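The structure appears right after this line, and notes come after that.
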Amino acid sequence: MSTPAVSVLLTTYNREAFLAAAIESVLGQTFTDFELLIVDDRSSDRSLEIARGYERLDTRVRVVANEENLGQFRNRNRAAELARAPLLKYHDSDDLMYPHCLSVMVPMLLSEPRAGFGLSSGSRWSGGPCPMLLTPRMAYQREFFGEGVFFCGPAGAIFRTEVFRQLGGFIDEGVASDHLFWMRACKTIDVLLLPADLFWYRLHPAQQFQSARGQREYARVPGLIWRALDAPDCPLTPEEREQAKRNRAYHMARRTFEDVRRGRWQFAWERLLHSNMSPGDWLRYLRRPRRDAFAGTPRTVDGEFVVPQWAQPDRRVADKV
């Protein structure tokens, strides 16, 4: 069996209502050199049966059934271990890929050897045109001073398989494990921002992040972010770290106030308890935030936006203008 260009990793647990459509959206891609690896995490509904049905119909589909329930992010790591291609792309079992998704993601990542992975979001990236290569410092500038980058889910990412494995995969910190993974990966790896709106992200009540447990897990994230800003390997300059802390302190105070206003006392307490901020930190850093939509945007030495190679003017024409 020849090695495909990309392994599409679809992890599933009790998603019989959405799984068939999610699979069909992969099989309908205009880019066809892929394997679809479905890893079922001990579903108690018909998810595994549905996946096996597609495995019989299409040789690109490979199904693995776990012997024990691993949970969301351990199962994602399991799927990455089984991937055969040099690139891997996560696809959630309740989402839909638009037909051009892989034909956009794969060539763009391959065209930029400096990038370890690429990210696409549901809406446009601020700044210049895509693909947009960010160094670690740029990624952190965009996260802490701009409109963010670490909010993407795994389904918005495409990786060089070797890079993902070298990073050690996801560390299971609950539903926010993806956010924390981007924060860790972008310390050392260049990331390529890809065009937006390549897939449909479905919202429904059964998603883990919408549960009370998921919200409690998210409440602990600000403290981990605060600790990362103090880490020696944070790619921001000392002055940028100070401003990032002021932005984060304001954001944390605002979220805590919202929880209290809505009567979510437990979430507010969890956020403050795990904030890793001392009373002195609150006094020092609680200031109005300062953000810029173009933070972390690559520019030329002349201050212009970096134009992708495929859009560079033909010098034979440009020099005559």
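The values are calculated or read from the model by the stated rules, or taken from the named source; none is laboratory data. For clarity, every value in this text was computed on a predicted model and none was experimentally measured. Quick reminder, even Gly has a Cβ in these numbers, built from the backbone with ideal geometry, and neighbours come from all protein chains shown. Only protein heavy atoms, including side chains, enter the accessible area calculation; ligands, DNA and RNA are left aside. Shrake-Rupley method; radii C 1.70, N 1.55, O 1.52, S 1.80 Å.
So here's what we get for this one:
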| item | result |
| --- | --- |
| Alpha-carbon centroid distance for the pair region 10-82 / region 92-125, whole angstrom | 19 Å |
| Overall form of region 178-259 per C-alpha gyration tensor (a/c, 1.5; a/b vs b/c) | oblate |
| Region 48-82: GluC sites (Glu not before Pro) falling in loop per DSSP and having at most 15 other Cβ within 10 Å | E67, E68 |
| Label of the coordinate-derived value, mean projected area of the Cα convex hull in nm², listed as [x] 21.7; [y] 16.5; [z] 19.3 | [z] |
| Carbon + sulfur, % of accessible area of region 1-154 - ligands and nucleic acids excluded, 1.4 Å | 51 percent |
| Among P107, P289, P86: highest mean-square fluctuation, GNM of the chain, C-alpha pairs under 10 Å | P107 |
| Over region 165-254, relative contact order from alpha-carbon pairs under 8 Å, at least 6 apart, % | 29 percent |
| W200 paired with R52, simple spin-label distance in nm, labels 7 Å along Cα-to-beta-carbon | 2.9 nm |
| Reduced Cα scattering model of region 43-98, Debye log10 I(q)/I(0), q = 0.17, 0.21 Å⁻¹ | -0.67, -1.07 |
| Principal axis box of region 85-180, alpha-carbon based, largest edge first, Å | 34, 32, 27 |
| For region 133-176 versus region 212-277, the gap between their alpha-carbon centres in whole angstrom | 18 Å |
| W265/R288 FRET efficiency (R0 25 Å; Cβ-Cβ; nearest 0.05) | 0.45 |
| Spin-label zone in region 45-59 - amide nitrogen under 17 Å from a point set 7 Å from the Cα of E24 along the C-beta vector | 47, 50-58 |
| Mean Cα-pair separation over length for the chain, i.e. relative contact order, pairs under 8 Å, 6 or more apart, % | 20 percent |
| Length gained when the stretch S2-S126 is fully extended (0.36 nm per residue, less Cα-Cα span) | 40.7 nm |
| Separation of the S103 and D230 label points, Cα + 7 Å toward Cβ, nm | 5.1 nm |
| Estimated translational D of region 169-321 in µm²/s (Stokes, Kirkwood radius over Cα pairs; 4 °C; 1.567 mPa s) | 69 µm²/s |
